[in-house]
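Asks: I have a structure I would like to understand better, so I am pasting it below and will then ask my questions one at a time.
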Amino acid sequence: NGHHYWDGGFVANPPLTPLISNCESADILLVQIAPLERTGVPTSQTEITDRINEITFNANLLSQMHTIGFVNRLIDEGKLQEPEFKRVLMHRIDGGEMLSGLDSYSKISTDTTLLNRLFEHGRAQAQAWLKKAYPLVGRKSSINIDRDYSDDMVMHD
């Protein structure tokens with residue numbers, strides 16, 4: 001209808017702050033589609049470009065996760081008080097090994113076979129998360145922010 005919209009998630013993760021400050025729930029469920037860690041070192045131009053894109057895409061998320069972890073620690077230590085500050089319970093559905101094996105082209109591909117594969121994989125990952133972590137919702141985080149987001153964009157040999 002004459003209006004153009006841009007998916008902000010195409011260039012960076014959307015901010016978590018509105019979910020923290022404008023919602024009553026303390027729980028946030030993150031769907032992690034860009035890997036934080038990689039095995040090996042990128043050597044080709046395509047691999048290096050893909051890794052730069054992942055680092056750029058995840059930079060804002062890493063910063064926000066560090067802040068959430070920091071505020072949660074200060075609340076635990078009694079240095080900040082609720083409800084003035086809000087403890088955030090973080091949860092994550094991770095794309096896992098399958099998404100780590102895809103290059104940057106897959107993120108803009110309109111190939112029906114790939115999209116169906118991604119849809120089914122996402123559904124399976126969500127069902128696995130529901131079985132494992134759903135009982136923790138409202139009680140505690142199902143991820144360890146300090147451990148899982150401690151090293152910015154880790155590379156492993």
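The values are calculated or read from the model by the stated rules, or taken from the named source; none is laboratory data. Since the model is a prediction, treat every value here as computed from it, not as a measurement. Note that each Cβ is placed from the backbone with ideal geometry, even for glycine, and that neighbours are counted across all protein chains shown.
Listed here are the residues, each with its yes/no results for (1) farther than 21 Å from Gly96 by Cα; (2) hydroxyl-bearing (Ser, Thr, Tyr); (3) touching a helix residue (DSSP H, G or I) at 6+ places or on another chain (Cβ under 9 Å).
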{"site": "Tyr5", "(1), (2), (3)": "yes, yes, no"}
{"site": "Ala26", "(1), (2), (3)": "yes, no, yes"}
{"site": "Gln32", "(1), (2), (3)": "no, no, yes"}
{"site": "Pro35", "(1), (2), (3)": "no, no, yes"}
{"site": "Asn60", "(1), (2), (3)": "no, no, no"}
{"site": "His66", "(1), (2), (3)": "yes, no, yes"}
{"site": "Ile75", "(1), (2), (3)": "yes, no, no"}
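Asks: In the list Lys132, Lys79, Lys140, which residue meets the criterion of being touching a residue at least 40 places away in the same chain (Cβ under 8 Å) and closer than 26 Å to Ile20 by Cβ? Full working, then the answer.
Replies: Working: Lys132 fails: touching a residue at least 40 places away in the same chain (Cβ under 8 Å); Lys79 fails: touching a residue at least 40 places away in the same chain (Cβ under 8 Å).
Result: Lys140 is the single residue among Lys132, Lys79, Lys140 that is touching a residue at least 40 places away in the same chain (Cβ under 8 Å) and closer than 26 Å to Ile20 by Cβ.
Asks: Within the stretch 132-150, is even one residue charged (D, E, K, R), assigned to a loop (DSSP other than H, G, I, E, B) and loosely packed, with under 11 Cβ neighbours inside 10 Å?
Replies: Yes, some residue in the stretch 132-150 is charged (D, E, K, R), assigned to a loop (DSSP other than H, G, I, E, B) and loosely packed, with under 11 Cβ neighbours inside 10 Å.
Asks: Now, a different point. Of everything in the stretch 94-114 that's outside any loop (DSSP other than H, G, I, E, B) and farther than 23 Å from Ala128 by Cβ, which residue is modelled with the lowest pLDDT?
Replies: Of all residues in the stretch 94-114, those outside any loop (DSSP other than H, G, I, E, B) come to 94, 96-100, 104-107, 112-114.
Imposing the further condition that a residue be farther than 23 Å from Ala128 by Cβ reduces the set to 104-105, 112.
Details: Ser104: 74, Tyr105: 78, Thr112: 94.
So, considering only residues that are outside any loop (DSSP other than H, G, I, E, B) and farther than 23 Å from Ala128 by Cβ, the one modelled with the lowest pLDDT is Ser104.
Asks: Also, I was wondering about something else. Of the residues that sit in the stretch 84-128 and are of a type in the set (Ser, Thr, Tyr) and surrounded by 13 or more Cβ atoms within 10 Å (Cβ to Cβ), which one is farthest from the chain's Cα centre (by Cα)?
Replies: Filtering the stretch 84-128 for residues that are of a type in the set (Ser, Thr, Tyr) and surrounded by 13 or more Cβ atoms within 10 Å (Cβ to Cβ), the one farthest from the chain's Cα centre (by Cα) comes out as Ser109.
Asks: Looking only at the stretch 24-52, which residues are within 25 Å of Met90 (Cβ to Cβ), polar (S, T, N, Q) and in a loop (DSSP other than H, G, I, E, B)?
Replies: If the condition is that a residue be within 25 Å of Met90 (Cβ to Cβ), polar (S, T, N, Q) and in a loop (DSSP other than H, G, I, E, B), then Ser25 is the only one that fits.
Asks: Output the residue which, of all residues in the stretch 20-38 that are surrounded by 16 or more Cβ atoms within 10 Å (Cβ to Cβ) and modelled with pLDDT of 85 or more, is farthest from Ser104 (Cα to Cα). Step through it out loud before you land on a result.
Replies: At the first step, the residues of the stretch 20-38 found to be surrounded by 16 or more Cβ atoms within 10 Å (Cβ to Cβ) are 20, 26-30, 32-36, 38.
Add one more test, that the residue is modelled with pLDDT of 85 or more, and what stays is 20, 26-30, 32.
On the way: Ile20: 30, Ala26: 33, Asp27: 30, Ile28: 26, Leu29: 24, Leu30: 20, Gln32: 15 Å.
The residue in question is Ala26.
Asks: Could you check, for the stretch 79-88, whether at least one of its residues is at pLDDT 95 or above, of a type outside the set (S, T, N, Q) and in contact with a strand residue (DSSP E or B) (Cβ under 7 Å, 6 or more places away or on another chain)?
Replies: Yes - at least one qualifying residue is present in the stretch 79-88.
Asks: Condition check: more than 23 Å from Pro135 (Cα to Cα) and small (Gly, Ala, Ser). Does Ala26 satisfy that?
Replies: no
Asks: Sticking with this one: Only residues in the stretch 100-115 that are on the phi > 0 side of the Ramachandran plot count as the first member; pair them with residues that are assigned to a loop (DSSP other than H, G, I, E, B) and at pLDDT 90 or above, Cβ under 8 angstrom, at least 6 apart or cross-chain, and list the lot.
Replies: Going by the 8 Å Cβ cut-off, there are no qualifying pairs.
Asks: If I ask for residues that are touching a strand residue (DSSP E or B) at 6+ places or on another chain (Cβ under 9 Å) and not small (Gly, Ala, Ser), which ones from the stretch 89-126 would you list?
Replies: Once the filter is applied, which keeps residues that are touching a strand residue (DSSP E or B) at 6+ places or on another chain (Cβ under 9 Å) and not small (Gly, Ala, Ser), the stretch 89-126 yields Leu89, Met90, His91, Arg92, Ile93, Asp94, Leu99, Gln125.
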